[in-house]
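Peer 1: Below is one structure. I have some questions about it.
The values are calculated or read from the model by the stated rules, or taken from the named source; none is laboratory data. For clarity, every value in this text was computed on a predicted model and none was experimentally measured. Please note: Cβ atoms are built from the backbone with ideal geometry, for glycine as well, and neighbour counts cover all protein chains shown.
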Amino acid sequence: MIEDTGDFGSPQWQPIETAPKDRTQILAVTNDGRIMIWSAEMLRRIMSGNQPFHLQFPATHWMPLPKPPCGTGMLGNLCPRGGGIKT
């Protein structure tokens, strides 16, 4: 079970205008609640309005991706130097 530690340093939703301009991977959300992972650069291109309707994603807010859970998985130890959520 994952417990809430009250860590106020965890990522928070921020206005989309403040999203990075590089290829940083972010979570983005729309007013209707759709959430997707995008590279910030690609999301800016998609939101430019020059895309077909089915490719448009009118994001309103973003946040950095959370740390992955710790433990040994298919790719080995996910948190070799600490951090993340212990499972």
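Peer 1: Could you list, ordered by first residue, the pairs with Cβ atoms under 7 Å in which the first is in region 29-44 and of a type in the set (Asp, Glu) and the second is loosely packed, with under 13 Cβ neighbours inside 10 Å and not in a strand (DSSP E or B), at least 6 apart or interchain?
Peer 2: Final answer for the pair search is Glu41/Lys21; Glu41/Asp22; Glu41/Arg23.
Peer 1: Turning to a different aspect of this structure: Looking at Ser39, is it among the hydroxyl-bearing types (Ser, Thr, Tyr) and either exposed (fewer than 12 other Cβ atoms within 10 Å of the Cβ) or at pLDDT below 80 (or both)?
Peer 2: Details: among the hydroxyl-bearing types (Ser, Thr, Tyr): yes; either exposed (fewer than 12 other Cβ atoms within 10 Å of the Cβ) or at pLDDT below 80 (or both): no.
It is false that Ser39 is among the hydroxyl-bearing types (Ser, Thr, Tyr) and either exposed (fewer than 12 other Cβ atoms within 10 Å of the Cβ) or at pLDDT below 80 (or both).
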